[in-house]
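Just below is one structure, and these are the notes that go with it.
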Amino acid sequence: MPVNTYEGMFLLDSTKTALNWDESVQQIHAILAKHNAEIIASRQWDERRLAYPIKGHKKGAYLLTFFRADGSAIQGIQDDCRLNELILRDLIQKIEPKLVDQLVSQAMSSTPSVEAEEARARDEDSDERPRRRRRPEE
């Protein structure tokens with residue numbers, strides 16, 4: 001099978017990554033290396049409160065990784081991710097060859113902005129549902 005470029009977003013247990021982030025990243029890289037994947041770029045994306053609990057966790061840390069691997073290795077990578085206690089969820093997507101350089105450079109240079117975080121917090125606080133009007137007391 002041909003070697004393709006993939007984007008992997010890994011949701012990690014934030015309590016374990018808080019103790020030693022570098023060791024946590026090494027675990028992910030070891031899984032990829034086990035399946036002969038060449039890591040192009042890797043960085044911490046963000047740490048956020050989850051919309052719903054996943055395996056009992058309410059917060060998670062995201063690791064964004066770009067790598068090259070044989071297409072047949074992806075299933076093995078995903079299987080190993082499911083067996084790893086550090087990884088709560090994983091998402092691996094194939095990247096079109098003409099978009100690789102642009103996506104990697106954009107992802108490695110941008111960070112979730114403070115303004116976007118504040119806007120999201122405002123949106124969570126505001127409730128779009130219409131309120132019932134109270135009847136005037138007689």
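Descriptive notes on the structure:
- Phi-derived couplings, Karplus 6.51 cos²θ - 1.76 cosθ + 1.60 at θ = phi - 60°, listed residue by residue for the stretch 87-103: 8, 7, 8, 9, 9, 10, 10, 6, 9, 4, x, 6, 9, 4, 4, 5, 5 Hz, with x used for Gly and Pro.
- Report note on the peptides 75-88, 49-62: ranked by the mean count of other C-beta atoms within 10 Å, highest first, their order is 75-88, 49-62.
- Close amide H contacts of K59 (hydrogens built in the peptide plane, cut-off under 5 Å, sequence separation of 5 or more or a different chain): L50.
- Taking amide H as placed 1.01 Å from N in the peptide plane, the amide H of I54 sits under 5 Å from none that are at least 5 places away or on another chain.
- Modelled spin labels at R68 and S109, positioned 7 Å past Cα toward Cβ, are 2.2 nm from each other.
- Other residues whose C-beta falls under 13 angstrom from the C-beta of Y62 contribute a net charge of 0, scoring Lys and Arg +1 and Asp and Glu -1.
- Relative to the current alpha-carbon distance between N20 and Y52, full extension at 0.36 nm per residue lengthens the span by 9.0 nm.
- For the stretch 3-125: relative contact order, % (alpha-carbon pairs under 8 angstrom, 6 or more apart): 38
Read-outs throughout are calculated quantities, based only on the coordinates presented, and are distinct from any laboratory measurement. Quantities reported herein were computed from a predicted structural model and do not represent experimental measurements. Virtual Cβ from ideal backbone geometry, glycine too; neighbours counted across all protein chains shown.
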